[in-house]
Amino acid sequence: MAPTSQSFSNPNPNSVLEEKRRSANYHPSIWDTNVIKSFTTPYNLEELKRKVGKLIASTKGTTALLKLIDSLQRLGVAYHFEKQIEEALNQFHVDQHVSNDISTVALHFRLLREHGYSISADVFKKFKGGDGKFMESLSGDVEGLLRLHEASFLGLKDEKILEEAKDFSTKTLKTLLGKLDKIKAKHVQQALDVPLYWRMERIESRNFIEKDDTKSSILIELAKLDYNLMQSAYQQELKELAEWWRELNFKEKLSFSRDRLMEIYFWAMGLGFEPQYSKSRICFTKYACLATTVDDIYDIYGSLDELESFTKAVTGWDVKAVEELPEYMRVMFSAMSDFTHELAQDTLTNHALNVLPHIKEQWAILCRAHITEARWFYGGHTPSFDEYIKNGWVSIGSLGGLAEMERGDIPKAVQSYMIEKDVSEEEARDHVKEMISTSWKKINEEIVDNSFPEVIVKLSKNMARTAQCMYQHGDGVGTSTGVTKDCIVSSILKPVPIQEHGSV
């Protein structure tokens, strides 16, 4: 049970300060809370799971089984068949010389490496000619080129052959674009825009389900039903969250801040879409909604004096210091405190762990990062690129910080680099893209080294994928009426149409 919000005295507001406060002019939430609270649904998929399990067991031949596993992953139903997939991958790992076909070799390499198996990139050497370059004869194999392109993003530091594979496949696919039929050209362009490995899983699942391709009807039926079932689960979680958000009443109490419950839940869903992560999605959404409001207090609304006082109160978790804060900051701290104690009590009850000091410290770390940016702004300081990245790693978060476009008053990564290095926007963006690529290689190394629990590595990958999705077309949280809205509708609100076929 979370403690009740504390009541603090209200000092007189400073009317001059109120007139000077900044505004980001965020649009109101585009989602009706009453609609969210009305979500319902009724499905069953055990029979289809049994049939697909039989399909996996009966599939013969390396290439066919690799393609089936790939389809299961891209359709978003692989989590139902983890044991069977692991058994197949163990066998593939024993026999790493599977084929002389570039498509099969590349798919075999990608699946093994992304699941943490040791496999050398030297498997691609046989596709090079005497000049040390990839053979031009590969140019006629579009599927093989796509597979090679996808595999190249699983590279580690100093794996030169995979960088060469990326360059070769990218250049060749670009030259083929105008010669392909409409459907193939669309798939190639999508791969060039965002590689498969970087795509948000739920968006990829919807696209793959609807892709004009020949796949087992059993697989498609299971994928559609599972997708819709998970939508129902998301909607039930959102009903709980919508009530929590309504009771906080930030819409009135902190009207300057972003009202983005749906967008933040979408982010949470991107971190772990499977049913076992329900509590994690709810917890992350609550935290991120509060953290987003804290961000708006520092970026938009608070004066520097107020922000210094708020930072001191949070870092010391000092109730007396909180009493001296303006009303809007007391509202914020009260919500943070309630969430913190609720999460700590739940963890203590279910896992016998006292995480309260650690949660408080995370809030302190976040506020210290924000006050650093606030001091930069009010002091007229333009941070160096390295300063921005180091601080943004905390206030925004790893790859999410690199993916974010400019928002607010302080130059972000691209702008900082342009100013510091006196380069064009294109050169600065290329540098940030290279940093993103390097960060992905670090994630890949952690996968291969098995130095962290699998769930932590999965979280890191999905954080990067979701950031890519949210910021690919601009600030998908600050402005959520375009691509972000479409993604939310397809992932959470709009079920996949299911037709009756008589039998599957």
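Give, in nm to one decimal, the length gained when the segment between Thr438 and Val319 is fully stretched (0.36 nm per residue of separation minus the Cα-Cα distance). Show your work: numbers first, answer last.
Values: separation 119, 0.36 × 119 = 42.84 nm, distance 4.30 nm.
Residue separation times 0.36 nm, minus the Cα-Cα distance, leaves 38.5 nm.
In order along the stretch 418-423, the Karplus-derived 3J(HN,Hα) couplings, from 6.51 cos²θ - 1.76 cosθ + 1.60 at θ = phi - 60°, round to 4, 5, 5, 9, 6, 10 Hz, and Gly and Pro are given as x.
Length gained on full extension, Ser99 to Lys51, computed as 0.36 nm times the residue gap minus the Cα-Cα distance: 14.4 nm. Rounded to the nearest whole Hz, the Karplus-based 3J(HN,Hα) values (6.51 cos²θ - 1.76 cosθ + 1.60, θ = phi - 60°) of the stretch 58-68 follow the sequence 8, 6, 10, x, 4, 4, 4, 6, 4, 5, 5, with x at glycine and proline.
Work out the FRET efficiency for Ile456 and Thr349 from their Cβ-Cβ distance, taking R0 = 25 Å, and round it to the nearest 0.05.
Values: r = 23 Å, r/R0 = 0.92.
Rounded to the nearest 0.05, the efficiency is 0.60.
Karplus-derived 3J(HN,Hα) values for the stretch 70-78, using 6.51 cos²θ - 1.76 cosθ + 1.60 with θ = phi - 60°, are 4, 5, 4, 5, 5, 7, x, 10, 4 Hz; glycine and proline are entered as x. Counted residue by residue at 0.36 nm each, then reduced by the alpha carbon distance between them, the extension gain from Val423 to Asp449 reaches 5.7 nm.
The distance linking the stretch 290-355 with the stretch 192-255 is 31 Å (Cα centroid to Cα centroid, whole angstrom).
Fewest first, what order do Glu327, Glu306, Glu46 take by the number of other Cβ atoms within 10 Å? Present the calculation step by step, with values, prior to reporting the outcome.
Numbers: Glu327 14, Glu306 19, Glu46 7.
Starting with the residue having the fewest Cβ neighbours, the order is Glu46, Glu327, Glu306.
Pairs spanning more than 28 Å between alpha-carbon atoms, out of Lys253/Lys390; Lys253/Lys494; Lys49/Lys279; Lys60/Lys133: Lys253/Lys390; Lys253/Lys494; Lys60/Lys133. Here the label points at Gln189 and Glu387, each 7 Å from Cα along the C-beta direction, are separated by 4.2 nm in the simple model.
Counting charges near Met332 (Lys, Arg +1; Asp, Glu -1) among other residues having Cβ under 13 Å from its Cβ returns a value of -3.
Kindly state, to the nearest 0.05, the FRET efficiency for Leu304 paired with Lys174, given R0 = 35 Å and r defined as their beta-carbon distance.
Numbers: r = 49 Å, r/R0 = 1.41.
Efficiency at R0 = 35 Å is approximately 0.10.
The label point for Val489 and the one for Glu82, both projected 7 Å from the Cα toward the Cβ, are 3.5 nm apart.
Take the cross-link list Lys166/Lys485; Lys83/Lys433; Lys128/Lys171 and give me the ones stretching past 26 Å between alpha-carbons. Pairs exceeding the cut-off: Lys166/Lys485; Lys83/Lys433. Dimensions of the stretch 46-222 along the principal axes, based on C-alpha atoms and rounded to the nearest Å, stand at 53, 39, 27, largest first.
Every read-out reported here was derived from the displayed coordinates using simple, explicitly stated rules and does not represent laboratory data. Here the structure is a predicted model, which is why all the values come from computation and not from measurement. Backbone-built Cβ (ideal geometry, glycine too); neighbour counts: all protein chains shown.
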